[in-house]
Amino acid sequence: MNVAPRKLDLSGWDDRYEELQRNGLREPAYGGPLRRHVVRGKDYRLEQLQFDNSPAALRLWNFLLTENERLHRARAGGEKIVGTMKDLGTVPVMAYSLPGLRAFYPDGAWWTPCLMECSDRLLQQAEAMGVDASFCPVRAMLPAFENGEHFPKPDLLVCSTGAVCDDFSAIAQRLEHLGHAILWWEIPRRRPPAAAEPVCDLPGNLAAPKIQVDCVQSELQRVGEALGGLAGETLDDDLLANGIRIANQVRRRLGALRKSVYAAPAAPLPALEMLVAEMLAIHFCSDRAETIVVLDALLAEAQARIRLGRFSVNAQAVRTYWVNPVADLRAMNLLEELGGRICGSDFMFSHALDLIPENLPPLEALARSALADPMAGPTADRGARIVRECQASRAEVVVVSRIPGASHCAREGEIIRAMVRLRLGIPAIELEIPPVCDALLPALGSRLQALFETARARRTK
Ligand code: SF4
């Protein structure tokens with residue numbers, strides 16, 4: 001780390017890349033200039049984004065944007081591809097415990113219309129398939145399966161059901177009707193244990209009746225047998241325990257990165273790169289070993305910047321706790337342009353950030369982790385964690401970013417905002433961010449500006 005942190009647009013990164021190369025930059029096989037993702041991959045949205053200028057950020061972006069190539073290469077090399085849907089962070093831990101399997105989330109196609117600025121026409125094609133804008137952007141997954149232009153067709157498709165939103169349930173069923181066989185596994189809606197009912201602690205300060213943990217464990221047992229059949233090797237306790245141990249290595253690194261960046265006096269890494277880094281937790285961007293290398297580089301960069309007192313966002317920026325991932329990545333830049341910084345986040349998969357217990361039978365440990373999914377329980381549980389994290393990170397404001405069409409909880413934002421206001425007394429707003437938010441930038445900007453002005457005014461009281 002020998003240059004000051006700066007935000008660069010794509011042209012700025014063209015020059016920066018040449019400079020790094022002149023200075024002997026060493027890159028992995030998926031490395032290269034960011035520009036090529038626009039020229040070859042048609043990821044036009046990159047032209048509207050501001051990126052961190054570090055080699056660690058370059059590696060992160062290249063890693064993210066080469067996932068489909070990686071999956072196709074793995075298939076060509078004889079590996080089996082597992083499409084895991086909806087659970088965000090459970091089945092991939094099992095799949096990567098077995099040799100020769102690569103797991104990915106077809107759900108991730110929801111960012112394709114954003115990155116390609118809708119030039120892929122996935123949303124329009126979804127509409128032609130009967131899944132219109134009353135569904136959330138995850139509907140992009142449906143035509144992506146059909147046209148085969150993005151990810152390879154999985155050898156095995158696994159999807160959770162039960163405590164699952166209507167959008168995903170309907171889209172996955174449509175997928176099955178189109179001939180894509182799905183192995184369904186059930187996760188019940190997490191409920192508080194009744195009096196005298198045997199209880200299990202879950203990661204994230206949660207608890208569930210033992211009967212629910214037993215149910216998820218037996219469902220995951222079925223999934224494990226199918227994965228073992230695909231890999232030609234039984235997924236036994238030793239293999240799974242090792243897979244959990246490595247998943248926890250990823251989670252520990254992410255925990256250290258989040259702590260370093262969010263708790264620092266000013267932000268050593270930008271919000272956008274942090275969002276992408278957090279997403280690596282759910283399925284390791286289809287390469288578990290490389291995820292660890294990418295995270296180590298980001299952590300080293302953040303720590304070096306903190307030591308040197310060099311920051312991407314200054315200490316006066318308003319400390320913002322952000323709820324839900326944004327369909328348009330540009331929104332994370334906007335937050336910082338208008339004077340905010342992220343001090344904490346809940347991108348809907350906090351259970352994939354918490355450590356999986358290593359002192360329990362591995363499948364039970366994974367069942368407990370799956371049941372801690374914030375989307376499988378009451379919004380009040382999620383809100384309580386958000387309140388705790390806001391307190392710990394001294395958040396000044398909360399932004400709940402709404403996902404257009406999302407049915408997971410029609411009143412989610414209202415419940416979380418009410419809890420934040422009641423327990424912390426800090427301002428909280430709800431914003432809707434579509435896959436390409438250009439037309440809404442003035443309105444989004446005004447609301448964020450007003451929020452930050454309110455927070456600054458409260459500092460002087
Ligand atoms: S409705 Fe919500 S939980 Fe369901 S797929 Fe869409 S964003 Fe995800």
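Read-outs: derived from the displayed coordinates by stated rules, not from any lab. What you are looking at is a predicted structure, and each value in this text was computed from that prediction instead of being measured. Ideal geometry is used to build each Cβ from the backbone, glycine not excepted, and the neighbour counts take in all protein chains shown.
In table form, for the structure just shown:
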{"item": "Centroid-to-centroid separation of region 443-458 and region 317-368 [C-alpha atoms, Å]", "result": "22"}
{"item": "ASP237-ARG35 pseudo-label distance in nm [points 7 Å out on the Cα-to-Cβ vector]", "result": "5.7"}
{"item": "The chain - convex hull of the alpha-carbon atoms, volume per residue in Å³", "result": "139"}
{"item": "Gyration tensor verdict on region 33-185 (Cα atoms; rounded if a/c is under 1.5, prolate if a/b is larger than b/c, oblate otherwise)", "result": "oblate"}
{"item": "Two-site label geometry, SER119 and ALA410: point separation in nm, points 7 Å out along Cα→Cβ", "result": "3.9"}
{"item": "Rel. contact order, % - alpha carbon contacts under 8 angstrom, at least six apart, region 250-459", "result": "23"}
{"item": "Among 250-262, 108-120, the order from most to least packed when residues are scored by Cβ within 10 Å on average", "result": "108-120, 250-262"}
{"item": "Rounded if a/c under 1.5, otherwise prolate or oblate - region 250-459, Cα gyration tensor axes", "result": "oblate"}
{"item": "Helix-derived mean residue ellipticity, 222 nm - over the chain, DSSP H n ≥ 4, -39500 (n - 2.57), to 500", "result": "-15000 deg cm²/dmol"}
{"item": "Order of LEU240, LEU142, LEU230 under a 10 Å beta carbon neighbour criterion, fewest first", "result": "LEU230, LEU240, LEU142"}
{"item": "Ordering of 286-298, 435-447, 383-395 by packing [mean C-beta count within 10 Å, highest first]", "result": "286-298, 383-395, 435-447"}
{"item": "Distance (nanometres) between label positions extended 7 Å along Cα→Cβ at LEU25 and LYS461", "result": "4.7"}
{"item": "Relative contact order %, the chain, counting alpha carbon pairs below 8 Å whose residues are six or more apart", "result": "18"}
{"item": "Packing-based ranking, highest mean first, of 400-411, 215-226 given that Cβ atoms within 10 Å are counted", "result": "215-226, 400-411"}
{"item": "Proportion of all alpha-carbon pairs of region 391-461 beyond 14 Å (%)", "result": "64"}
{"item": "Cα gyration tensor category, rounded, prolate or oblate, for region 99-188 with a/c compared to 1.5", "result": "oblate"}
{"item": "Förster-model FRET efficiency, 45 Å R0, GLU69 and GLU197, C-beta, rounded to 0.05", "result": "0.35"}
